[in-house]
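Accompanying notes for the structure given below.
The values are calculated or read from the model by the stated rules, or taken from the named source; none is laboratory data. Keep in mind that what you see is a predicted model, and the values were worked out from it rather than measured. No Cβ is skipped: glycine too gets one built from the backbone with ideal geometry, and neighbour counts run over all protein chains shown.
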């Protein structure tokens, strides 16, 4: 599933490609993708004549901002957008097409068919699902250490599922949680309320650094992710722990282990990320 860096890369690409374009019509071939409104004809008619002003992001959701409407889109497992000339053949699994007045099209393709689209009046999208209960944005100025500490430090749950919970911090998925925890030297099963101040600082800094580097690299193309121009991300070449089961740790050489934490496959170094107690502290 695309995580924050991949969605941010798609946002940046689409912002360059579709800003200023006016929607002439919309074709929907898989109605269940359109979650709001629940009438496909209404969805199509409401969008006609609207011009795209910008493309934003909230967590893993894209916000296509128009003059009077906002389309909230989640790519889920394998959803992807691409801009094409209307004369180009439509690929299989293309479920929604936004036809622009200049003869180009924004096409949404989704092999797994899990993606969603919600249409709102401007500002209304933050007061309703799916954006209503989203947590802190880790690349925003408001994501301070104190804000991070307030939502994480007192929780009596394992740190990995806590970081995956989009109501606490948005945009983090399996890849970048594993990477951030490794950089911070924290075991994924350690309880949030057992993290000391130093560990919390390391983790906060690791989250910001990992996501920032991933965005600059265009995200990670682990499976089928590409940006709006069909280009792959490059951060997968910089991954230090994710997907490296049995390979030597890049820090200490210990074989990387993989287990299941919170229902998710989890990579960690049993030496660098040893669970610490108040009696035994290990420097990373």
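Annotation note: of 70, 90, 26, the sole residue that is touching a helix residue (DSSP H, G or I) at 6+ places or on another chain (Cβ under 7 Å), over 26 Å from residue 133 (Cβ atoms) and modelled with pLDDT of 95 or more is 26. Note on the range 13-34: residues that are in contact (Cβ under 8 Å) with a residue 60 or more places away in the chain and either in the same structural domain as residue 165 (by TED's automatic domain parsing) or buried (at least 16 other Cβ atoms within 10 Å of the Cβ) (or both) amount to 11. Every listed requirement among (1) over 15 Å from residue 26 (Cα atoms); (2) modelled with pLDDT of 95 or more; (3) surrounded by fewer than 17 Cβ atoms within 10 Å (Cβ to Cβ) is met by residue 77 save one, (2). Residues in the range 125-140 that are within 16 Å of the chain's Cα centre (by Cα), closer than 19 Å to residue 70 by Cβ and surrounded by 14 or more Cβ atoms within 10 Å (Cβ to Cβ): 4 in all. Going through the range 222-249 one residue at a time, which ones are out of contact with any helix residue (DSSP H, G or I) (no Cβ under 8 Å at 6 or more places or on another chain), farther than 20 Å from residue 78 by Cβ and either surrounded by 13 or more Cβ atoms within 10 Å (Cβ to Cβ) or modelled with pLDDT of 95 or more (or both)? Listed by number, the residues that qualify are 244, 245, 246, 247, 248, 249.
Scanning the range 250-276 for residues that are loosely packed, with under 13 Cβ neighbours inside 10 Å and over 14 Å from residue 185 (Cα atoms) yields 253, 260, 263.
For residue 114, the conditions (1) in contact with a strand residue (DSSP E or B) (Cβ under 7 Å, 6 or more places away or on another chain); (2) within 30 Å of residue 53 (Cβ to Cβ); (3) without any contact (Cβ under 8 Å) to a residue 40 or more places away in the chain all hold with the exception of (1). The combined condition, being outside the structural domain of residue 216 (by TED's automatic domain parsing), crowded, with 21+ Cβ neighbours inside 10 Å and on the phi < 0 side of the Ramachandran plot, is not fulfilled by residue 87. Here's a check for you: in the range 38-63, which residue that is over 18 Å from residue 171 (Cβ atoms) and within 24 Å of the chain's Cα centre (by Cα) is surrounded by the fewest Cβ atoms within 10 Å (Cβ to Cβ)? Applying the filter and picking the extreme gives 54.
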